[in-house]
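Take a look at the structure below.
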Amino acid sequence: NADLAMYRAKELGRNNVQFFSEDMNRSILEHLSWEQEINDALTANQFTLAYQPKISLRDYHTTGVEALIRWHHPEKGFVSPDRFIPVAEETGQILAIGRWVLERSCTEMRALLQSGALPENARIAVNLSARQFAAPDLETVISQVLQESGLSPSNLELEITESTLMLDVESAIATMASLQAIGVRFAIDDFGTGYSSLAYLKRLPIEVLKVDRSFVLDIPDDTNDMAITAAVIAMAHKLGIIVVAEGVESEDQVNFLRNNLCDEGQGYLFSRPLTLQQLQLFLREAQTATLK
Ligand code: C2E
Ligand code: MG
Ligand code: MG
Ligand code: MG
């Protein structure tokens with residue numbers, strides 16, 4: 001009978017289950033407070049964007065930028081996206097956040113393109129989470145944002161990870177094809193960290209492949225990482241895909257990447273993620289440097 005079951009549960013709870021349930025309560029409460037904090041952040045404009053330049057390894061001009069979200073919490077200070085994006089992904093708040101990131105980055109970068117600070121064919125990269133990528137209204141959202149900001153579709157690049165792509169390959173291909181038809185391009189982010197299927201790679205309409213930072217990190221000390229990086233570059237090129245190395249921090253890495261014909265680099269060696277003002281300055285200084 002129900003009462004008896006309830007009684008038994010309570011009895012149990014008093015002993016062995018207690019520790020477990022306290023732990024669970026704590027994590028649920030923590031999660032709820034994060035959810036509330038993220039809502040507050042959205043309404044109180046606590047999010048900003050940073051832009052990290054991507055650099056041609058041929059002539060070192062800026063080929064584009066990646067938009068990276070920043071959260072300055074009034075008490076906690078800087079909160080890393082690695083911390084709150086997964087929570088927002090779980091709660092569904094990533095859809096509102098993601099839309100905000102798209103709107104803000106497309107508007108700000110359209111202005112930079114118009115001022116001539118960025119080359120006409122610059123690629124403005126925005127990260128898409130799994131949930132955003134799977135949203136049935138993705139195409140509508142992208143079209144609206146492009147129209148409202150005035151950014152040309154050919155300037156927009158969407159970064160998605162291998163794991164996002166592999167969740168449902170067939171629908172991923174369909175989603176990508178429909179966006180590609182309006183001129184948007186795709187980059188595969190953190191390549192090499194998910195379980196990459198090379199068979200799918202040739203079927204996916206991908207124009208850019210970003211080699212994960214973990215492979216670049218130990219160049220030139222780790223010969224395995226060097227072999228993998230060189231092979232990935234060669235393979236991507238055979239498929240007509242542009243290669244960007246992530247997390248470039250040293251001259252040695254640049255030399256290795258250049259020798260292996262890697263197209264572009266992104267990392268602290270060239271620039272950290274910058275505020276809009278800092279990015280404008282960075283681009284202006286780079287322009288005067290090439291004029292000299
Ligand atoms: P990601 O897309 O792979 O972005 C690259 C990350 O590496 C950024 O971290 C960047 O600041 C960092 N990075 C760049 N160059 C270097 C370097 O030379 N050395 C080192 N150690 N790190 C470098 P960040 O900004 O903390 O972002 C972390 C992750 O959070 C991103 O990885 C991305 O997955 C996610 N993220 C960031 N912004 C957004 C967003 O607007 N939407 C979504 N869905 N995810 C985002
Ligand atoms: Mg990225
Ligand atoms: Mg990445
Ligand atoms: Mg990453």
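Across segment 227-248, not a single residue is classified as in contact with a Leu (Cβ under 7 Å, 6 or more places away or on another chain), over 30 Å from S171 (Cα atoms) and assigned to a helix (DSSP H, G or I). Could we say that E207 is closer than 21 Å to E157 by Cβ and within 14 Å of ligand 4 (Cβ to nearest atom) here? Criteria not met by E207.
Taking the criterion of being within 16 Å of ligand 3 (Cβ to nearest atom), out of contact with any Ser or Thr (no Cβ under 8 Å at 6 or more places or on another chain) and of a type in the set (G, A, S), the residues of segment 171-226 that qualify are A187, S196.
G265 fulfils the conditions (1) free of Cβ contacts under 8 Å to residues at least 12 places away in the same chain; (2) open to solvent by less than 30 Å² (accessible area, probe 1.4 Å); (3) not polar (S, T, N, Q) except for a single criterion, (1). For segment 180-197, give me each residue that is modelled with pLDDT under 95 and away from ligand 1 (no atom under 16 Å from the Cβ). Passing the criteria: Y195, S197.
Annotation note: Cβ proximity below 7 Å between a residue of segment 240-256 that is over 13 Å from D212 (Cα atoms) and a residue that is β-branched (V, I, T) and within 16 Å of ligand 4 (Cβ to nearest atom) (sequence gap 6+ or interchain) occurs for I241/V208; I242/V208; Q253/V216; V254/V248. Check segment 112-132 and report whether any residue there is in contact (Cβ under 8 Å) with a residue 24 or more places away in the chain, hydroxyl-bearing (S, T, Y), closer than 23 Å to I233 by Cα and in contact with a helix residue (DSSP H, G or I) (Cβ under 9 Å, 6 or more places away or on another chain). Within segment 112-132 (the criterion being in contact (Cβ under 8 Å) with a residue 24 or more places away in the chain, hydroxyl-bearing (S, T, Y), closer than 23 Å to I233 by Cα and in contact with a helix residue (DSSP H, G or I) (Cβ under 9 Å, 6 or more places away or on another chain)), the answer is no, since none of the residues qualifies. There is no residue in segment 224-237 that is out of contact with any Cys (no Cβ under 6 Å at 6 or more places or on another chain), of a type in the set (S, T, Y) and open to solvent by 10 Å² or more (accessible area, probe 1.4 Å). Within segment 162-195, the set of residues being open to solvent by 50 Å² or more (accessible area, probe 1.4 Å), of a type outside the set (F, W, Y) and part of a loop (DSSP other than H, G, I, E, B) comprises D168, I182, T193.
The values are calculated or read from the model by the stated rules, or taken from the named source; none is laboratory data. Everything numeric here is computed off the predicted structure, so don't read it as measured data. With ideal geometry, Cβ positions are generated from the backbone for all residues, glycine too; neighbour counts draw on all protein chains shown. These area figures cover heavy atoms from the full protein model, side chains too; ligands, DNA and RNA do not enter into them. Shrake-Rupley method; radii C 1.70, N 1.55, O 1.52, S 1.80 Å.
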